[in-house]
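> Take a look at the following structure, please.
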Amino acid sequence: MALEDALWNGLVREILDRSHLWRPEDLAGIVDGAARRLGIGVTIYLVDHEQQFLRPLGVPGRPAQEPVPVDGADGGRAYIAVETVAAGDRWWSPIVNGTDRLGVIAYDLPPGAGGDEDGLVRRCEFVAGLIGHLVTTLNERGDHLRLVQRSRPMTPGAELLWQLLPPLTASVRDFTVAAVLEPSYDVGGDAYDYILDGRRPQFVVLDAAGRRLRAGLAAAVVLAGIRSTRRAGGDLLAQARAADAELLAQFPDARFATAVLAELDLDTGVLRYLNAGHPPPLVLREGKIVETLDGGRRLPLGIAEADPGTAYGEVRLRPGDRLVFYTDGVTEARDGAGEQFGAERLARLVEEQSAGGFPLSEALRRLARAVLDHQDGPPADDLTLLLVEWSAGAALRTVPPTSREDEQVE
Amino acid sequence: MTSEILSVSTREAADGVRVLALAGDVDHDSVPRVRDAVEAAWEDGRTRIVLDLTLVTFCDSAGLGLFVEAHRRAGAHGGWFRLAAPGGPVQYVLDATNLAHYLAVHPTVDDALTA
């Protein structure tokens, strides 16, 4: 046991020592080389943007591995459930950066290594967690890891937008937020934002008019205005006014954006929100849509500096509630016969998914897939879904199991 | 998605008001045609414009953007830009985006001309 710990500590030390000077393409070989000293082979897989395939990082001197589908494979199960899956001598552990799902690691264990199973799972998930943080920092150093995560090239609009957005999933002790944005390689004007600080998290979903890079630029202006004002202590009203002013200044041709800005008070459960011409968010309680948030209405962002509307919408949530934010690309997705996906179908699917017991990020991936499957051909518009669940259980489900115990003790 | 081809027909009403009647989908691809017609009205010195939406089957954010732009521009020059007779789908997006009260929307072309 002590020897095992020393060996795994050595593995971690070697990876960290090498992490100072490495290039993005060095990651896989260095981790595999360090693990070989324990007789273990390691392959790192990163999920692609559409979350359909886990794509392997090449290791020098080894034959290339095939991508692993998220649906219907052992590696995919580890990704879906955020937990280690043992398949004979090949074990799969989820790679998360905090709670953002980045991929999986395949560990090829020496025969009989699974003796102390609990201890081994813990070590596998521990190293995978470390890799999650390292992948995130390495992504800033070059293009290699980003390219592995792509099944095709990205448009300039998508390049701009993804740089602006926070991770798809983030959790703190008593709630979790997850988002999905499609079409991943060609998004333009949809965007989201959130902050998890303190007892008053905030959420934004927006849809800038127009397409591609032009729309992306407008979305960037909105996010910049909102963030600047928020970080200077401005409330939601002030944030929306800032977005109005910045859009009007930058786009005289009426490049407006619809948006919902919301703030949840975790001590009282009161959600305050503004709706700038956007589809109304939904509240899901015990598996049923119980409320459509149609208050707080004001003009879209960037229409007028005078009298855009100043009334907040307000609703009191209960612990366990889910909030569903979406853009019209979701409800207006059309099938071959021209039938729209619609708010009712969205509500029904959200209800069905909530019964699945999946991590919120996975429930959302399935929802987005249902919309895309409904769609005849490539999406005519960007679609964004953002879910918030106010519950400690939902937060824990986004954390690998062997890290959950420490979380609960706190 | 198959979109209805947009047509724009132009006529003069009394008092030098330009009426632009649209038929089909107003979207990202077709909106330049509407913009051209609005520009032509401006070039002819027509700062009071009615957009007849009776036969418009769909309107996306590009169309709304043009309405806002034309509304602002007319207002700044002492004219006006009025929307007339939006059908269900167009009224829906005007309501959903809260723009129905910002833009000048009238139930019929006659109402728009005499408002």
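The values are calculated or read from the model by the stated rules, or taken from the named source; none is laboratory data. Only a predicted model underlies this, so the values are computations on that prediction, with no experimental measurement involved. Methodologically, a virtual Cβ is constructed for each residue, glycine included, from the backbone with ideal geometry; neighbour enumeration extends over all protein chains shown. The protein model used for the area step is the full one, side chains on, heavy atoms only, and it has no ligands, DNA or RNA in it. Shrake-Rupley method; radii C 1.70, N 1.55, O 1.52, S 1.80 Å.
> I'm checking my understanding of the structure. Among residues of the stretch A:187-208 that are open to solvent by less than 10 Å² (accessible area, probe 1.4 Å) and among the hydrophobic types (A, V, I, L, M, F, W, C), which one is farthest from A:Asp244 (Cα to Cα)?
The selected residue is A:Val187.
> Tell me yes or no: at least one residue of the stretch A:222-231 is open to solvent by less than 10 Å² (accessible area, probe 1.4 Å), within 11 Å of chain B (Cβ to nearest Cβ) and under 23 Å from the mean Cα position of the chain (by Cα).
Checking the stretch A:222-231: not a single residue is open to solvent by less than 10 Å² (accessible area, probe 1.4 Å), within 11 Å of chain B (Cβ to nearest Cβ) and under 23 Å from the mean Cα position of the chain (by Cα).
> In the set A:Gly103, A:Gly88, which member is within 23 Å of A:Leu57 (Cα to Cα) and open to solvent by 50 Å² or more (accessible area, probe 1.4 Å)?
Only one candidate qualifies: A:Gly88.
> Looking at B:Thr108, B:Thr97, B:Thr47, which one is β-branched (Val, Ile, Thr) and either in contact (Cβ under 8 Å) with a residue 60 or more places away in the chain or within 11 Å of chain A (Cβ to nearest Cβ) (or both)?
Exactly one residue qualifies, and that residue is B:Thr97.
> Oh, and also: Look at A:Arg318 and say whether it is in contact (Cβ under 8 Å) with a residue 24 or more places away in the chain, surrounded by fewer than 22 Cβ atoms within 10 Å (Cβ to Cβ) and in a loop (DSSP other than H, G, I, E, B).
Spelling it out, A:Arg318 is indeed in contact (Cβ under 8 Å) with a residue 24 or more places away in the chain, surrounded by fewer than 22 Cβ atoms within 10 Å (Cβ to Cβ) and in a loop (DSSP other than H, G, I, E, B).
> Consider A:Leu349 against the criteria (1) away from every other protein chain (no Cβ under 14 Å); (2) aliphatic (A, V, I, L, M); (3) assigned to a loop (DSSP other than H, G, I, E, B); (4) open to solvent by 20 Å² or more (accessible area, probe 1.4 Å): it satisfies all of them except one. Which criterion is unmet?
It is condition (3) that A:Leu349 fails.
> Mind listing whichever residues of the stretch A:253-263 are assigned to a loop (DSSP other than H, G, I, E, B) and either aromatic (Phe, Trp, Tyr) or more than 9 Å from chain B (Cβ to nearest Cβ) (or both)?
If the condition is that a residue be assigned to a loop (DSSP other than H, G, I, E, B) and either aromatic (Phe, Trp, Tyr) or more than 9 Å from chain B (Cβ to nearest Cβ) (or both), then A:Phe256 is the only one that fits.
> Collect the residues in the stretch B:32-49 that are within 13 Å of B:Ala74 (Cβ to Cβ) and open to solvent by 70 Å² or more (accessible area, probe 1.4 Å), keeping them in residue-number order.
B:Arg46, B:Arg48
> Still on this structure: Working only within the stretch A:321-334, note down all residues that are assigned to a loop (DSSP other than H, G, I, E, B) and away from every other protein chain (no Cβ under 12 Å).
A:Asp321
> Now, a different point. Can you tell me which residue among A:Gly210, A:Gly189 is within 14 Å of another protein chain (Cβ to nearest Cβ), of a type in the set (Gly, Ala, Ser) and farther than 18 Å from A:Asn275 by Cβ?
Of the residues listed, the single one that is within 14 Å of another protein chain (Cβ to nearest Cβ), of a type in the set (Gly, Ala, Ser) and farther than 18 Å from A:Asn275 by Cβ is A:Gly210.
> Shifting gears a bit: Can you tell me which of (1) out of contact with any Phe, Trp or Tyr (no Cβ under 8 Å at 6 or more places or on another chain); (2) open to solvent by 10 Å² or more (accessible area, probe 1.4 Å); (3) within 10 Å of another protein chain (Cβ to nearest Cβ) is the one A:Ala215 doesn't meet?
(2)
> Kindly evaluate A:Asp244 against the criterion of being more than 24 Å from the chain's Cα centre (by Cα) and within 14 Å of another protein chain (Cβ to nearest Cβ).
yes
> I'd like to verify a number: residues in the stretch B:54-85 that are under 22 Å from A:Arg255 (Cβ atoms), more than 9 Å from every other protein chain (Cβ to nearest Cβ) and crowded, with 22+ Cβ neighbours inside 10 Å, how many?
So the count comes out to 5.
> Here's something else I'd like to know. Search the stretch A:264-305 for residues being away from chain B (no Cβ under 11 Å) and among the acidic types (Asp, Glu), and hand back the single one that is farthest from A:Gly320 (Cα to Cα).
A:Glu305
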